[in-house]
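Before any comments, here is the structure.
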């Protein structure tokens, strides 16, 4: 396995195993499960380097993680015959059967885990952090960048959610249908964030992690295939993912540098994903429900169907941003609307729209705001202000890949 495959496989396995094993032994042992899975992955990395990857890697890691948990329960004098029977049962099963078992448990296990993470008694901020950390294997730093909060804040939210779930572990084995409907929007938000992290990664070495986008889309497909997920909001989210994934092949050049929309070779866009996006968007259009994902998919489809950058229907995109602001108000949406307005009605209109906004501190502390300020000021001829904003944006860029992209976009040196 090369390094990228190892990272993808281990991140995927982490969430899978934590979900499956925690539901076997109970949430009161969640910290033991996390430690056991982490140690199993470390053991795998060390062993596979010398002995090669086993024929059934999923089963290999599952068995090691199960043994780790049993050892911990025994060592801490918390032996439970029921728990051990659930885990010891795999001792007599060969690795092919374990792989089959894990495959059968995957869909239900992951889907249940998503809904468990999104317990309505846990603040939404903590729900997101907990799901991203345990299910997706995100680092504390990655979550902090994606949610515009400090790493200390991420850890507090994560600890709060984990403590609640541990203290209420008896409730979690009896999820009712109504719980799913109450939690569905939170589940969609988690899936959206997983996808977003892949589409514009906070990882230092990778500007795009297509495997994370594919993971998010796979999980969302599992959701919409389940009766509880057959709703317009989830359909719109899946449509949005397909439309964004369609453009991934053209988003970076041979030097792994991010390309702006106007720089991309549209011939590389995946037409099958565009058609899938249209398919799911048509399902999302049934009924009166309208979510942020409808609006964002509307923006994405305008980009995908435009023959050229200059022929993009920017007026339609601005209207979608207006709908997005009504559905899910955010200073980040208003920032993006300013860019669309500049394309539609001119840079001065876009800059005026941007400057009249009451921009919150969290956005002022991000590179996105200053990058847009620099771009619009430069296009308006305000070169001095453009240079100041460009420098700030470059200093705030979280990764080298984003810094390189800003350098090209803002016409400054790294």
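The values are calculated or read from the model by the stated rules, or taken from the named source; none is laboratory data. This one's a predicted model, so the numbers in the text were calculated from it and none came from an experiment. Glycine gets a Cβ as well: all are built from the backbone with ideal geometry, and neighbour counts include every protein chain shown.
Taking the stated definitions as given, is residue 400 within 23 Å of residue 150 (Cβ to Cβ) and modelled with pLDDT of 90 or more?
no
Out of everything in the stretch 254-278 that is exposed (fewer than 14 other Cβ atoms within 10 Å of the Cβ) and more than 20 Å from residue 314 (Cα to Cα), what residue ends up being nearest to the chain's Cα centre (by Cα)?
So the residue we want is 256.
How many residues are part of a helix (DSSP H, G or I) and closer than 19 Å to residue 330 by Cβ when one looks only at the stretch 133-156?
The total comes to 6.
Do we find a residue being in contact with a helix residue (DSSP H, G or I) (Cβ under 7 Å, 6 or more places away or on another chain), at pLDDT below 80 and in the same structural domain as residue 164 (by TED's automatic domain parsing) anywhere in the stretch 47-55?
Taking every residue of the stretch 47-55 in turn, none turns out to be in contact with a helix residue (DSSP H, G or I) (Cβ under 7 Å, 6 or more places away or on another chain), at pLDDT below 80 and in the same structural domain as residue 164 (by TED's automatic domain parsing).
Name every residue in the stretch 308-320 that is more than 11 Å from residue 292 (Cβ to Cβ), in a helix (DSSP H, G or I) and touching a helix residue (DSSP H, G or I) at 6+ places or on another chain (Cβ under 6 Å), in order of residue number.
314, 315, 316, 317, 318
How many of the residues in the stretch 279-290 are buried (at least 20 other Cβ atoms within 10 Å of the Cβ) and under 23 Å from residue 341 (Cβ atoms)?
Total meeting the criteria: 0.
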